[in-house]
Amino acid sequence: MNLTLKIWRQKDSNTKGQMVDYKVNDISEHMSFLEMMDVLNEQLVNSGEEPVAFDHDCREGICGMCSLYINGEAHGPDRAITTCQLHMRMFKDGDTITIEPWRAKAFPVIKDLVVDRTAFERIQQAGGYISVNTSGNTQDANAIPISKHAADEAMDAAACIGCGACVATCKNSSAMLFVGAKVSQYALLPQGQIEAADRVRNMVEQMDAEGFGNCTNTGACEVECPKGISLDTIARMNRELMKANLK
Amino acid sequence: MSVLNSKVPKGSIKDKWTTYKDKIDLVNPANKRHIDVIVVGTGLAGGSAAATLAELGYNVKAFCYQDSPRRAHSIAAQGGINAAKNYQGDGDSTYRLFYDTVKGGDYRSREANVYRLAEVSANIIDQCVAQGVPFARDYGGLLDNRSFGGVLVSRTFYAKGQTGQQLLLGAYSAMNRQIARGKIQMYNRHEMLDVVKVDGKARGIIARDLITGKIERHSAHAVVIASGGYGNVYFLSTNAMGSNATAAWKIHKKGAFFANPCYTQIHPTCIPRSGDYQSKLTLMSESLRNDGRIWVPKNMDDVIAIREGRKKPTELSEDERDYYLERRYPAFGNLVPRDVASRAAKERCDAGYGVNATGEAVYLDFAAAIERYGKEQAKIHNIQNPSKEKITELGEAIVEAKYGNLFQMYEKIVDQNPYKTPMMIYPAVHYTMGGVWVDYNLMTTIPGCYCIGEANFSDHGANRLGASALMQGLADGYFVLPYTIGDYLSDDIRTGPIPTDTKEFDDVEKEVNDRINFFMNNKGTKSVDYFHKKLGKIMWDKAGMSRNAQGLKEAMAEIKAIREEFWKDVKVPGSANEMNPELEKAGRVADFLELGELFAKDALMREESCGGHFREESAEEDGPQKGEAKRDDKNFAFVAAWEHKGEPANAVLHKEELEFKDIELKQRSYK
């Protein structure tokens, strides 16, 4: 198929960006979206132009590096996948595809389609861990039984890949699905209880300091999340925060 | 007399590590804060090492090329992590895990290292659970296990199909705690471009800030390389796009020996390639072989009918199918080790039985498992005379619970529903057992330079068993390196900070800048990918699943020729003082173009078949093992450690003879 691409180009964080049109031809429907981008970049390199910078790494939907806003949707027009898992069979010959970076105050553009997501790092550093040193004599892994239900639910929350689609898609650029997922994982496990109150307070405080917006329960984040993280995690985070503040 | 000293402690294999730990030198806590350690790479090995060293009190500087340490490619490991816990009471033990790993590695690993790995494996699970890693549990609330290839016990712990992700997030959370305390300085989007030696010791690195392009000097008392494997030398592999060998290759060129580069794992269950535009291959976890049966049609007529779309695989009756692994290896069946399963798939496809248009695909079928689970569930739920549909429905629910995310991933890529029609799979490059040579302390032949995880060569011999990579990465980082590095650093308590304004740093920085300037100024005509793809094709065709002397000699000559063309004609757009992914790739591919040649040289030297290295000249000629790999213990029971001498072709071979005191060398039979 032949396509027109409208892509955000921006030299660096200090320069103003703009949309630029490109044409790509003979794209196979079996290609992944990023392979289509590879074709464009090879074309640009060969014609002496600078290729489009975009984040990507594992190309199997787990590293959380890829982050494109395609035709107004985070990770494009398919559900429960990342951009690297999107295939060209979702498009048709003659389509015009608009490709933008994540847009959020807390995620400044570094170059073209690459954004700075280190705000997520700082939120995790504020409390996204259990304080346990490495040693050869931690208690046996089976010493505390954990119900299968709680373990599975913790796993569902822990499946978050930290891509930032929730922030990009939220009209308030809220990071509450991301933070809720991490808080939930630990809140559901006995190991997470000891530091629960400090964890949720510190992570939420850091989240606010980074300039992410608030949650107004529209649920767009849940729809666009490639890993199906549930809105329940936000409710749990709020509950945990309430509990912590009442202590 | 070899120049290699493995430094394996004396004593019985069961006591070596314990006795050794009791006797090594320690650094007192007050002195640790005067010692700096650089860790390059933040996957399971690097992440766990950085966190643990910082907990101990060292000042750690950690580097990764991704925008977060959590994105290192360990995250993509799906199936699980082995540990000799014997929670299932099925006869597992430290010795058995040790034995399985040595045997699985086709008797080409160092016994003492493998025993230590098995010994600390149980601690890893305890540590990860304490960190909040949500491993799968059974209804009683205890940890669940599954089975992996090449073993007869269930010792694999897992977190759905995302075990690597959860373990890495555990190590990442431990890192975050230390970053918050200021004990780890984290350098995201940074790439190490060379190592700096002072008085023969590794004392720092030159790194490039991938956002600004700035070249930086970083000093330390020791440098730990944890940068993963070199599978991307094949261009197409299951590695991440950015996975590269640059850090490992740079230390090799500065004096670290590179061991067994030809030992590469070709994983049997990957999604077949679909076209020339393909940028990478996707793995389907080996855990699928617990329940999936692998087959191709028995009759060529059916193969042709399927390829032409006239027949569907589900229309073939049981006796029209060739379950070739069950036929050839009745004892292990579909759970033979990876190298054996891959070669068997290639054998069937080479014979013309491949089931897709390219002729390079076999079926992985879950119909039998769905029926079996369905009947079991019907019994559990007390459903009398369940209909076929009901059984399928119940069975699919169980398969979904076990492998749902993998099935979804397959469907998104291939656009077929694997619950209703068998998956198509084919082998792909996945893991490299070879790597930087290290002694028992995990130190390379450069004093003060360590190498851990997939980047080193030590534990998996010529073939790695499933779910052992995660185990090794975390064993090295959490439980081995933090001890052994102290023994070395105890001499550095009075050294003080290593200055970076010295001639040694000047010289290496100049080398790095010269190379970058060359790329920016060389107005060639061909893109970096053009050369990478060419290299990959040679590697796959001539140094892939089976190799012969003729092909390997050709590969060496052809790679050299491509390398020369690369340095004349490569084209890198943009500038050096900005984010420039093409420049990053150029440096990595330049290193692969050297590594590939050494790889072929190593494969040519090793005139035997062992594990992932199959030499066509060395196969069993008759008897029940006909066609299977033939090892030559008399002449090749050694580690091949290569010393760099200018060109890859001139590398000098050093042998570390392997001694097997606790395990008898046998033909590896899975029949």
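If only one of A:Met37, A:Met19, A:Met1 is in a helix (DSSP H, G or I), more than 8 Å from every other protein chain (Cβ to nearest Cβ) and of a type in the set (A, V, I, L, M, F, W, C), which one is it? When all the criteria are applied, what remains is A:Met37. When the residues of the stretch B:129-148 are narrowed to those that are assigned to a strand (DSSP E or B) and within 7 Å of chain A (Cβ to nearest Cβ), which ends up nearest to B:Ser468 (Cα to Cα)? Only one residue tops the list, namely B:Leu143. Restricting attention to the stretch A:185-210 and to residues that are more than 14 Å from every other protein chain (Cβ to nearest Cβ) and under 28 Å from A:Cys84 (Cα atoms), the residue that is surrounded by the most Cβ atoms within 10 Å (Cβ to Cβ) turns out to be A:Met207.
Could you go through the stretch B:606-614 and let me know if any residue there is loosely packed, with under 14 Cβ neighbours inside 10 Å and under 24 Å from the mean Cα position of the chain (by Cα). Yes: the stretch B:606-614 contains one or more residues that are loosely packed, with under 14 Cβ neighbours inside 10 Å and under 24 Å from the mean Cα position of the chain (by Cα). Residues that are surrounded by 15 or more Cβ atoms within 10 Å (Cβ to Cβ), more than 7 Å from chain B (Cβ to nearest Cβ) and more than 25 Å from B:Ser121 (Cα to Cα) within the stretch A:132-164 comprise A:Ala150, A:Glu153, A:Asp156, A:Ala157, A:Cys160, A:Ile161, A:Cys163, A:Gly164, listed in sequence order.
Scanning the stretch B:32-68 for residues that are of a type in the set (Lys, Arg) and within 12 Å of chain A (Cβ to nearest Cβ) yields a count of 0. The set of residues from the stretch B:310-353 being assigned to a loop (DSSP other than H, G, I, E, B) and either touching a residue at least 60 places away in the same chain (Cβ under 8 Å) or in contact with a strand residue (DSSP E or B) (Cβ under 7 Å, 6 or more places away or on another chain) (or both) comprises B:Lys312, B:Leu316, B:Tyr323, B:Tyr329, B:Pro330, B:Ala331, B:Phe332, B:Val336, B:Pro337, B:Tyr353. Residues in the stretch A:29-52 that are at pLDDT 95 or above and of a type in the set (S, T, N, Q) were compared, and the one that is surrounded by the most Cβ atoms within 10 Å (Cβ to Cβ) is A:Ser32.
When B:Glu582, B:Glu578 are checked against the criterion of being part of a loop (DSSP other than H, G, I, E, B) and either under 24 Å from the mean Cα position of the chain (by Cα) or in contact (Cβ under 8 Å) with a residue 24 or more places away in the chain (or both), a single residue qualifies: B:Glu578.
Here the condition is being touching a Lys or Arg at 6+ places or on another chain (Cβ under 8 Å) and closer than 24 Å to B:Ser279 by Cα; of B:Ala555, B:Ala561, B:Ala543, B:Ala455, it holds for B:Ala555 alone. Here A:Gly17 passes the criteria (1) under 14 Å from A:Met90 (Cβ atoms); (2) surrounded by fewer than 21 Cβ atoms within 10 Å (Cβ to Cβ); (3) of a type in the set (Gly, Ala, Ser) except the one numbered (1). Evaluating B:Ala428 against the criteria (1) assigned to a loop (DSSP other than H, G, I, E, B); (2) within 20 Å of the chain's Cα centre (by Cα) leaves one unmet condition, (1).
One line per residue, one yes/no per condition, for (1) more than 30 Å from A:Val114 (Cα to Cα); (2) of a type in the set (D, E, K, R); (3) part of a helix (DSSP H, G or I):
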{"position": "B:Gly11", "(1), (2), (3)": "yes, no, no"}
{"position": "B:Trp17", "(1), (2), (3)": "yes, no, yes"}
{"position": "B:Lys21", "(1), (2), (3)": "yes, yes, yes"}
{"position": "B:Ala30", "(1), (2), (3)": "yes, no, yes"}
{"position": "B:Val39", "(1), (2), (3)": "no, no, no"}
{"position": "B:Thr42", "(1), (2), (3)": "no, no, no"}
{"position": "B:Ala51", "(1), (2), (3)": "no, no, yes"}
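When the stretch B:557-594 is filtered for residues that are buried (at least 24 other Cβ atoms within 10 Å of the Cβ), away from chain A (no Cβ under 14 Å) and aliphatic (A, V, I, L, M), only B:Ile559 remains. In a residue-by-residue description of the stretch A:67-74, the property of being in contact (Cβ under 8 Å) with a residue 60 or more places away in the chain, under 24 Å from the mean Cα position of the chain (by Cα), part of a loop (DSSP other than H, G, I, E, B) and within 10 Å of chain B (Cβ to nearest Cβ) applies to at least one position.
Applying the criterion of being among the aliphatic types (A, V, I, L, M) and surrounded by fewer than 21 Cβ atoms within 10 Å (Cβ to Cβ) to the residues of the stretch B:167-198, the residue that is farthest from the other protein chains (Cβ to nearest Cβ) is B:Val198. crowded, with 20+ Cβ neighbours inside 10 Å, modelled with pLDDT of 95 or more, touching a Phe, Trp or Tyr at 6+ places or on another chain (Cβ under 7 Å) and away from chain A (no Cβ under 14 Å): is that true of B:Val355 in this structure? Answer is yes for this residue.
Looking only at the stretch B:294-305, decide whether some residue is small (Gly, Ala, Ser), surrounded by fewer than 23 Cβ atoms within 10 Å (Cβ to Cβ) and within 11 Å of chain A (Cβ to nearest Cβ). There is no residue in the stretch B:294-305 that is small (Gly, Ala, Ser), surrounded by fewer than 23 Cβ atoms within 10 Å (Cβ to Cβ) and within 11 Å of chain A (Cβ to nearest Cβ).
A residue that is part of a helix (DSSP H, G or I) and more than 7 Å from chain B (Cβ to nearest Cβ) can be found somewhere in the stretch A:86-98.
The number of residues in the stretch B:358-395 that are at pLDDT 95 or above, within 26 Å of B:Val303 (Cα to Cα) and not in a helix (DSSP H, G or I) comes to 6.
Residues in the stretch B:251-270 that are surrounded by fewer than 24 Cβ atoms within 10 Å (Cβ to Cβ) and either out of contact with any strand residue (DSSP E or B) (no Cβ under 7 Å at 6 or more places or on another chain) or assigned to a helix (DSSP H, G or I) (or both) were compared, and the one that is farthest from the other protein chains (Cβ to nearest Cβ) is B:Gly255. For A:Ala106, the conditions (1) closer than 20 Å to B:Gly242 by Cβ; (2) at pLDDT 95 or above all hold with the exception of (1). For the stretch B:337-385, the set of residues classified as more than 33 Å from the chain's Cα centre (by Cα) and small (Gly, Ala, Ser) consists of B:Gly374, B:Ala378, listed by residue number. Mind listing just one residue for me: the one in the stretch B:152-166 that is over 19 Å from the mean Cα position of the chain (by Cα) and either among the charged types (D, E, K, R) or part of a helix (DSSP H, G or I) (or both) and, of those, farthest from the other protein chains (Cβ to nearest Cβ)? Among those that are over 19 Å from the mean Cα position of the chain (by Cα) and either among the charged types (D, E, K, R) or part of a helix (DSSP H, G or I) (or both), it is B:Arg155. Does at least one position in the stretch A:110-130 carry a residue that is more than 30 Å from A:Lys11 (Cβ to Cβ), surrounded by fewer than 19 Cβ atoms within 10 Å (Cβ to Cβ) and touching a residue at least 60 places away in the same chain (Cβ under 8 Å)? No, the conditions are met nowhere in the stretch A:110-130.
The values are calculated or read from the model by the stated rules, or taken from the named source; none is laboratory data. If you're wondering where the values come from, they're calculated on a predicted model, not measured in any experiment. So basically every Cβ, Gly included, is an ideal-geometry build from the backbone, and we count neighbours across all protein chains shown.
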